[in-house]
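To start, the structure under review is shown below, and the notes come after it.
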Number of protein chains: 2
Amino acid sequence: MPSQTDSEKIYNKLIRKIKRIKNIGNAEGLLRWDQQVMMPNAGTPARSQQLSALSSIQHELLTDEKIGKMLDEIDEEEISKERRSAIREIKREFERAKRLPTELIEKISKASSEAFSKWLKSKEENDFSIFAPNLEKLIELKTKYAEYIDPDVAPYQVLFEDYEPYLGLEIASDTLSKLRKELVPFIEKIKESEVKPDRSTFENNFSGEKQREFAQHVLDILGFKWEYGRLDTAPHPFTSGTQYDVRVTTRFEDNLLDGLFSTIHEFGHANYTLGLPKEKYGTPLGESRGFTFHESQSRLWENHIGRSRPFWEYILPELKKKFPSIDASIEDVYKTVNKVHEDNLIRVDADELTYHMHIILRFEIENDLIENNIEVKEIPSVWNDKMENYLGVRPENDSEGCLQDVHWSHGSFGYFPTYSLGSVLSAQIYNSAKNDIDRLEEKMRNGKFESLKKWLTEKIHRYGKRYTTNELIQKSIGEEFNPSHFIDYIKNKYSEIYEI
Amino acid sequence: MPSQTDSEKIYNKLIRKIKRIKNIGNAEGLLRWDQQVMMPNAGTPARSQQLSALSSIQHELLTDEKIGKMLDEIDEEEISKERRSAIREIKREFERAKRLPTELIEKISKASSEAFSKWLKSKEENDFSIFAPNLEKLIELKTKYAEYIDPDVAPYQVLFEDYEPYLGLEIASDTLSKLRKELVPFIEKIKESEVKPDRSTFENNFSGEKQREFAQHVLDILGFKWEYGRLDTAPHPFTSGTQYDVRVTTRFEDNLLDGLFSTIHEFGHANYTLGLPKEKYGTPLGESRGFTFHESQSRLWENHIGRSRPFWEYILPELKKKFPSIDASIEDVYKTVNKVHEDNLIRVDADELTYHMHIILRFEIENDLIENNIEVKEIPSVWNDKMENYLGVRPENDSEGCLQDVHWSHGSFGYFPTYSLGSVLSAQIYNSAKNDIDRLEEKMRNGKFESLKKWLTEKIHRYGKRYTTNELIQKSIGEEFNPSHFIDYIKNKYSEIYEI
């Protein structure tokens, strides 16, 4: 081995410090998982304090001037390209963090823990006023947060860049406008179509226990590595964890399809996490590229696999074995799983098409909240008006309106757009996979997903944060980010189903 | 409110720092619970690093010179007695910690995480040699640890004082000698008795699910507050958590009684934790007095309640409702649940009497290991010889011998004696409760435990660490620590059962 340069030595020392911070962050992640999946109700006051301590200590360790000094001392010419990209990520985190006072971090952590339990109560009692003061507080704190990081940029942009640092808010905004322009009239046409797929086959009081067994079976089929993960239930499914230990959650509702697609979606996240290189655990090279790419993975599995004909040719007989009361043809089921719910109010229950309207609505509202264009108390009416404008339905109460999502209770403003960006990207990635992988759809039809998983890991997962979002898109599929793939895909698919 | 003295101001600042450290410690506790109850197998490498980061950061924060300075600056005359006692505990922790290098703490944390997974494998494959190198490493590290804390005292004493800081190793050692002297011949007599209670009634392939339901029912009867806790299973049951969120684990074996007593035992721990004052969470005044007192609580519920006639008069009909195949009289069952298993090799399956022989054996071996009188590789033969000497049985393999307990894999040397000390103390506490509480046994016979729980909380739990072990015994029951209560109790009980 050649002797290390000084910069390499400093790099190794720096990485040890970063690993320690990431380990504390992963501990925090476990506490958050536990809070939503395992924790008894009364545990909130202590848990809030624990989370706040963990988040503030990470902040202190990250903003330690020794880290700044090391970052200055490393001569990037003296280290490998791969390491240079790790430095890019560490620098970005360091520079954002050092602008933030520890007390603000602690306040946000505590406020979001408290807000989460108030949101639960608010949703349960269908009373927005319970949650509103907590939301106001969080908006105030997160606006301050954004101003600390960059007072010269619109606060919403700063917040958005926490979730998607590289693609740019302008591209996000343009993409959402394009989707709105293209899809609102298209959804109108679908509503006028005489094709009316029926979901009642799957609404049949299926037992939770059997649904759980089937979810496990689906994960088996997709090749989930159980020794590296778990499946549990949560009211609002999510996936968290690391390449050593990934925690998938799902939910089992009256309609069999909700839980099934939730499981497949979360599998996509988990499969990304488990594809990250183990030897880079705790460093930027062992972490996912970010929310846009993460969502591209979950949507690829949920929509391009899970809602495709070939997949259903394989899974329908399996489903019938488990639930013998199901009696439907593959064509009917294909239409059913892609049905546009005309009266659906809930984002997580939405089809691939109307889904984006839910996102656009949230994007506009959170943007207006952070930019002080509307007040918290106006949210319910603004929400309901937009639902009527974009989707022609109006929530009757806030639980099925502005209280349905957990995100704002976590202080996550700027997160929602990454859902649409990820969906859009997933169409682009899927097209590329189909080009590269021999007889991909035939493999799906036979329940074989190994080559797709291998392709995804090779093209995307194994790089961690080595490339920026734009670079990784270019590197993996040889193109720029381009929403037209998605728009073509979705129009073709739905034109065929709805015969328009 | 009178204006604060300077010392009070500093005290409040100090407590904020201590709370933060305790919150990180409680996060660590949750990660350890998760590792044993929820974590997928492959998660160990990442979990070890996370635990190591959390434990080293606590150490760094605790040994921060600012804490030393605050401790120096507080004039104890200027603060309340209660606060003075919190300072006593913080000082003790600070002074022990500041003698320890952070790297050693990190090494121990990492080594014990690795040792735990090796111990599991070693036990499963019944091969001591898998675990032996890890154990050697831990002994080496913990001996160093003891030397750093106090080079002038025997290292085993230093380690013991991590678990029981105030009672003194001499009292522990004397107590164990006394138990050995009194109980070994007494056990001999029992073996010669013609009374042979039968456990087969309870060995009947009872389903795990039904056992779980019954365990939940028992916790309901004892008054477990589910909103503050959970019940799960673990191969080696334990209880952890805080007054806001306590996690009980138990196990369901072929013999119904094992799981039942495990559940009651762990309930005793949980009940102590939940009796700690909520408003003192994160401070010494909101933490349990320590291992001796904790074990006194679990043993009180397990033995003085759970293995008593009055309790069985209440619980037997409940048990029969759940498991209709059980057909035994109260007198038979009372003997059965107190049966001395003549051929039992497993500590956690032992009766109240032979239990202490298991502890004495471990105490002697770990003492000899730390004091370098024996080597790790000798453990299996030394263990088996002692089993033969004290209990007249010899393990056929190490899984049922020296590999049975998890403690050494955690690096917990000096912990075992607190089990016997706690048992002995529980007899003393129970006698006092019986004096104080009107018709206690009649209440037990009717499934009423509120007044006992109230008494325990009032006399013991609510004080946290306000008093030292000796002071708290004095304060709660007006006596010194005295093993004769236990010896009288156990001899009376077993003389009656075995007609000797």
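The values are calculated or read from the model by the stated rules, or taken from the named source; none is laboratory data. These numbers come from a predicted model, not from an experiment. Cβ coordinates were reconstructed from backbone atoms using ideal geometry, including for glycine residues, and neighbour counts include every protein chain displayed. All accessible areas refer to the heavy atoms of the entire protein, side chains included, with ligands and DNA or RNA removed. Shrake-Rupley method; radii C 1.70, N 1.55, O 1.52, S 1.80 Å.
Numbers at a glance
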{"read-out": "Length-normalised contact order of region A:169-498 in % [C-alpha pairs under 8 Å, at least 6 apart]", "value": "23"}
{"read-out": "Heavy-atom accessible area per residue - region A:353-500, 1.4 Å, Å²", "value": "38"}
{"read-out": "Occluded residues from region A:11-32, i.e. those whose accessible area drops by 20 Å² or more once the chain is not alone (1.4 Å probe)", "value": "A:Arg20, A:Asn23, A:Ile24, A:Ala27, A:Leu30, A:Leu31"}
{"read-out": "Ranked order, B:Lys278, B:Lys493 - accessible area, probe 1.4 Å, largest first", "value": "B:Lys278, B:Lys493"}
{"read-out": "Delta accessible area of at least 30 Å² on complex formation, residues of region A:238-252, 1.4 Å probe, chain isolated as reference", "value": "A:Tyr244, A:Asp245, A:Arg247"}
{"read-out": "Relative contact order, percent, region B:6-153 [alpha-carbon distance under 8 Å, six or more residues apart]", "value": "28"}
{"read-out": "Gain upon complete extension [A:Glu209, A:Glu400; 0.36 nm per residue less C-alpha separation]", "value": "66.1 nm"}
{"read-out": "Ascending list, in nanometres, of distances separating the B:Gly223 label from those of the other copies (7 Å, Cα toward Cβ)", "value": "5.7"}
{"read-out": "Amide H contacts of B:Gly411 (H built 1.01 Å from N, under 5 Å, at least 5 apart or other chain)", "value": "none"}
{"read-out": "A:Asp127/A:Ser381 FRET efficiency (R0 25 Å; Cβ-Cβ; nearest 0.05)", "value": "0.95"}
{"read-out": "Calculated label separations, A:Arg309, copies of the chain, 7 Å along the beta-carbon direction, nm", "value": "8.0"}
{"read-out": "For B:Thr233, distant residues with modelled amide H under 5 Å away", "value": "B:Thr250"}
{"read-out": "Other copies of B:Glu388: label-to-label distances in nm, shortest first, labels 7 Å along the beta-carbon direction", "value": "8.9"}
{"read-out": "J(HN,Hα) series, region B:30-44, from Karplus relation 6.51 cos²θ - 1.76 cosθ + 1.60, nearest Hz, glycine and proline x", "value": "5, 4, 6, 4, 4, 4, 8, 10, 10, 5, x, 3, 6, x, 3"}
{"read-out": "Values of log10 I(q)/I(0), in the order q = 0.14, 0.17, 0.18, 0.20 Å⁻¹, for region B:110-209 under a Debye, Cα-only, solvent-free model", "value": "-0.94, -0.98, -0.97, -0.98"}
{"read-out": "From phi via Karplus (6.51, -1.76, 1.60), per-residue ³J(HN,Hα) for region A:379-389 in Hz, x at Gly/Pro", "value": "3, x, 6, 4, 4, 5, 5, 5, 4, 5, 5"}
{"read-out": "Heavy-atom accessible surface that B and A bury in contact, both chains counted, 1.4 Å, Å² to 100", "value": "2900"}
{"read-out": "Bridge type composition, the protein assembly as shown - antiparallel percent by DSSP, nearest 5", "value": "50"}
{"read-out": "Projected area, mean over directions - region A:158-204, Cα convex hull, nm²", "value": "5.9"}
{"read-out": "Helical contribution to [θ] at 222 nm, DSSP H n ≥ 4, -39,500 (n - 2.57), averaged over chain B, rounded to 500", "value": "-20500 deg cm²/dmol"}
{"read-out": "Cut-off 15 Å between beta-carbons: net charge of the residues surrounding A:Glu78, Lys and Arg +1, Asp and Glu -1", "value": "-3"}
{"read-out": "Karplus-derived HN-Hα couplings along region B:54-68 (A = 6.51, B = -1.76, C = 1.60, θ = phi - 60°), whole Hz, x at Gly and Pro", "value": "5, 6, 6, 5, 4, 5, 4, 5, 6, 8, 3, 4, 4, 5, x"}
{"read-out": "Rg ratio (alpha-carbon, reference 2.2 N^0.38 Å) - region A:6-154", "value": "1.26"}
{"read-out": "Tail weight of P(r) past 40 Å, computed on alpha-carbon pairs of chain A, percent", "value": "20"}
{"read-out": "Residues A:Asn373 and B:Lys66, FRET efficiency given R0 of 41 Å [Cβ-Cβ distance, rounded to 0.05]", "value": "0.35"}
{"read-out": "Per residue solvent-accessible surface (Å²) - region B:174-262, probe of 1.4 Å", "value": "44"}
{"read-out": "Cα-Cα separations in the protein assembly as shown greater than 47 Å, expressed as whole percent", "value": "35"}
{"read-out": "Relative contact order (percent, whole number), region B:375-496, Cα cutoff 8 Å, 6+ residue spacing", "value": "23"}
{"read-out": "At least 20 Å² accessible surface lost relative to isolated chain, residues of region B:219-236 (1.4 Å probe)", "value": "B:Glu227, B:Arg230"}
{"read-out": "Per residue value of the accessible surface for region B:12-62 (all protein chains in place, 1.4 Å probe), Å²", "value": "29"}
{"read-out": "0 to 90° range, to nearest 10: angle between helix A:169-192 axis and chain A longest Cα axis", "value": "10"}
{"read-out": "Accessible area of chain A belonging to carbon and sulfur atoms, whole % at 1.4 Å probe", "value": "44"}
{"read-out": "Percent antiparallel among DSSP beta bridges (both partners in chain A, rounded to 5)", "value": "50"}
{"read-out": "Label-to-label distance, nm, for residues given as A:Ala154 and B:Asp150 (7 Å Cα→Cβ offset)", "value": "6.6"}
